[in-house]
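Visitor: Below is one structure. I have some questions about it.
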Amino acid sequence: VLLILWPGEQFYREYVKWRTKKKIIGLKKSGLRVVGITGSYGKTSVKEYLYQILKSKYRVLRTPGNYNTLLGIAKVVEWELDGSYDFFICEMGSYQIGETAELCGTYLPDYAMLTGLNEQHLDRFGSLENEIIGESKSVEYVLKNNSVGVVNFGNKYILDKYSNRENITGYGQKIYSHPRGQNIDGAKVMAKILGVSRFPKEFKNLIHRLSLIHRGDMTIIDDAYSSNTDGFAAAIKYL
């Protein structure tokens, strides 16, 4: 049955890519700019912090929740994205080499952020080397088009890969009082590039991401949304 359905699924996927790319190209003629965010971890947090900054000056649409697949993002573009927006912040998820490149070829980012690299999706990528190559394609895409990439130099794999590259702006090497400070730092760096230098006094924290819950004499650090080696280590350090 799967073999019978496969050609139809592939045809529909290619049709969605064509339709979505056509709409993005049309909106870009009216001034829309796209920010692509990739990485093994930290994508959603950085996306939300960047959105909180940019919306003070621009009309901004971002992918909701953890919508980060080709077909999931396509729904957002089809139903919500129109000519009234200045920016579209697009979280891009991938599980194998080629997926991030496919997303870039469809959503055409003008700017890219790489939030962190580790073994988060090792089961699907097969090796850390494959994950580094696959997740980095958004940055490679914008560099090839003479644009700017913002990357987390607090991550050793990203630092090794991009420390000597042109058109790269790094963040993440400060001492932060809270683990989310690194993600906020990245969002601020990208926001400055996009023309916003005034930031909220307080950022709205994301649920289940190092959220503090007080119950009587007990304090709970709720980091239940997802986990990875770097994130878990940060949670323990924060504890």
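The values are calculated or read from the model by the stated rules, or taken from the named source; none is laboratory data. As the structure is a prediction and not an experimental result, all values here were calculated from the model. As a convention, Cβ positions derive from the backbone with ideal geometry for all residues, glycine included, and neighbour counts pool all protein chains shown. With ligands, DNA and RNA removed, areas are computed over all heavy atoms of the protein, side chains included. Shrake-Rupley method; radii C 1.70, N 1.55, O 1.52, S 1.80 Å.
Visitor: Between Leu2 and Lys22, with labels modelled 7 Å along Cα→Cβ, what's the label distance in nm to one decimal, could you check?
Guide: Here the answer is 3.2 nm between the modelled labels.
Visitor: Further, regarding this structure: Antiparallel as a % of all DSSP beta bridges within the chain, to the nearest 5?
Guide: 20 percent
Visitor: Which of the peptides 163-175, 48-60 is most tightly packed, and how do the rest follow, going by the mean number of other Cβ atoms within 10 Å of each residue? If you can, show how the numbers build up before the last one.
Guide: Working: 163-175: 13.5, 48-60: 18.8.
Packing order, densest peptide first, comes out as 48-60, 163-175.
Visitor: Hey, another quick one. Run through all the Cα pairs of segment 142-203 and give the fraction in each 10 Å bin from 0, expressed as whole percent.
Guide: All Cα pairs, binned at 10 Å, distribute as 20, 50, 26, 4 percent.
Visitor: For the pair Ser30 and Lys237, how long in nm is the line joining their label points, each one 7 Å along Cα→Cβ?
Guide: Calculated label separation equals 4.4 nm.
Visitor: What is the percent carbon and sulfur in the accessible area of segment 102-152, measuring with a 1.4 Å probe over the protein chains and ignoring ligands?
Guide: It is 44 percent, rounded to a whole number.
Visitor: Starting from the Cα-Cα distance between Lys174 and Ser127, subtract it from 0.36 nm times their residue separation and give me the gain in nm to one decimal. If you can, show how the numbers build up before the last one.
Guide: Numbers: separation 47, 0.36 × 47 = 16.92 nm, distance 2.93 nm.
Result: 14.0 nm gained on full extension.
Visitor: Tell me, what is the percent relative contact order of the chain, built from C-alpha pairs under 8 Å that lie six or more residues apart?
Guide: 20 percent
Visitor: Let me check the size of segment 1-124 from its C-alpha atoms; what are the radius of gyration and Dmax in Å?
Guide: When restricted to Cα atoms, segment 1-124 yields Rg and Dmax of 15.0, 51 Å.
Visitor: Tell me the angle of helix 180-193 to the major Cα principal axis of the chain, expressed in degrees between 0 and 90 and rounded to the nearest ten.
Guide: 50 degrees
Visitor: Okay, next question. Would you mind telling me the share, in percent, of accessible area of segment 9-75 contributed by carbon and sulfur at probe 1.4 angstrom?
Guide: Values: 1660 of 3180 Å².
Looking at segment 9-75 in its full context, I get 52 percent from C and S.
Visitor: Just in segment 178-213: which trypsin sites (Lys or Arg not before Pro) are loop by DSSP and have at most 16 other Cβ atoms within 10 Å?
Guide: Hits after loop and neighbour filter: Arg198, Lys201, Lys204.
Visitor: Taking the alpha-carbon set of the chain, what are its Rg and Dmax in Å?
Guide: Answer for the chain, Rg first and Dmax second: 18.1, 59 Å.
Visitor: How many angstrom lie between the Cα centre of segment 59-136 and the Cα centre of segment 27-50?
Guide: Cα centroid to Cα centroid, the span is 8 Å.
Visitor: How large is the accessible surface per residue of segment 150-239, computed with a 1.4 Å probe and reported in Å² as a whole number?
Guide: Each residue of segment 150-239 exposes 65 Å² on average to a 1.4 Å probe.
Visitor: Please give every one of the lysines within straight-line cross-link reach of Lys161, meaning a C-alpha to C-alpha distance under 24 Å, and leave out same-chain neighbours fewer than 8 residues apart.
Guide: Lys43, Lys47, Lys137, Lys144, Lys174, Lys188, Lys192
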